[in-house]
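A quick write-up on the structure given underneath.
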Amino acid sequence: MYSKRLTQNRFTQLLVISLGCSCLFLSSLAASQSVQLDSIIAVVEEDVVLKSDFDERWDQVQQQLAKADGPVPPEDVLRKQLLDQLIIENLQLQMAGHNGIRIDDNQLNQAMGEIAGQYNMSFEQFRDSLLEAGQYQGTREALRKQILIGNFENSAVNRRINITRQEIENYLRSESGLSDTAPEYHVG
C-alpha cells in the first residue's frame, strides 16, 4: 500500500513537472512569435504619430492621387510631406488642448448636421449612411480634429491682432475711412 502511494506521488510529481515544462515551452514559443500591432514613427512633444495613422492617411492620399490629373511628385517627397503634416496637426491639437479649446458633442453634431445639409440629408440619414459604411467614428473624430485645429488657428490669429487707438484715428482720417463713415441717404 505504501509503495503504491509512493508510485502515485511520483507519477503526480512527474506529471506536474512535465506540464510545467510544457507550459514554459509554449510560453517561450508564443513570445518568440509575437506580432507587432503598431509602431511609433514620430514623437511629437507629449504625443506620438503611429504608423497605422500614417498608413491610413497614406491610403487616402493614394486615392486622391488616383483621381487627380497631371504630374505627381515622387513618392518619397509625398511621404515626407505627409509625415510633416501629421506632426504639425499633432502639435496644433496639443496646443489647442493646452489653450483649453474643446469641442463638445453638441458642436460636433451641429457641424455634422451642416455637412449632411450640403448633401441634402438629415443628420440621422447622414449618420446612418456613415454607420452603414463603417465610417461614423472615423468621420466624427476627423471632423473633431479639423474643428479643434480651426478654432486654435483662429484664436492664435486673434491674439496676434493688436490695433492701437492711433491706427483707428489714422484710418478714420484717411480717404477710405471718410467714405466708409460718411452718411448715406436713400431718397425714394
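The values are calculated or read from the model by the stated rules, or taken from the named source; none is laboratory data. Computed from a predicted structure; not experimentally measured. Virtual Cβ from ideal backbone geometry, glycine too; neighbours counted across all protein chains shown. With ligands, DNA and RNA removed, areas are computed over all heavy atoms of the protein, side chains included. Shrake-Rupley method; radii C 1.70, N 1.55, O 1.52, S 1.80 Å.
The table below gives the values:
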read-out: For Tyr171, solvent-accessible area (1.4 Å; no DNA, RNA or ligand), Å²; value: 100
read-out: The stretch 29-112: C-alpha gyration tensor shape, a/c 1.5 cut-off, then a/b vs b/c; value: oblate
read-out: Average accessible surface area per residue within the stretch 77-120, 1.4 Å rolling probe, Å²; value: 63
read-out: Summed side-chain charge close to Asp38 - residues other than Asp38 whose Cβ falls under 13 Å, Lys, Arg +1, Asp, Glu -1; value: -2
read-out: Carbon + sulfur, % of accessible area of the stretch 82-179 - ligands and nucleic acids excluded, 1.4 Å; value: 51
read-out: Peptides 144-151, 157-164 ordered by average Cβ neighbours within 10 Å, highest first; value: 144-151, 157-164
read-out: Prolate/oblate/rounded call for the stretch 138-186, Cα gyration tensor, a/c under 1.5 rounded; value: oblate
read-out: Ala66-Ser174 pseudo-label distance in nm [points 7 Å out on the Cα-to-Cβ vector]; value: 5.1
read-out: Paramagnetic reach from Thr139 (point 7 Å along Cα→Cβ, amide N under 14 Å) across the stretch 100-132; value: 109-132
read-out: Dimensionless Rg over Rh [the stretch 54-188; C-alpha; Kirkwood]; value: 1.15
read-out: Whole-percent pair-distance distribution, where bins are 10 Å wide, for the alpha carbons of the stretch 84-127; value: 27, 29, 31, 13
read-out: Net charge of neighbours whose Cβ lies under 10 Å from the Cβ of Gln92, counting Lys and Arg as +1 and Asp and Glu as -1; value: -1
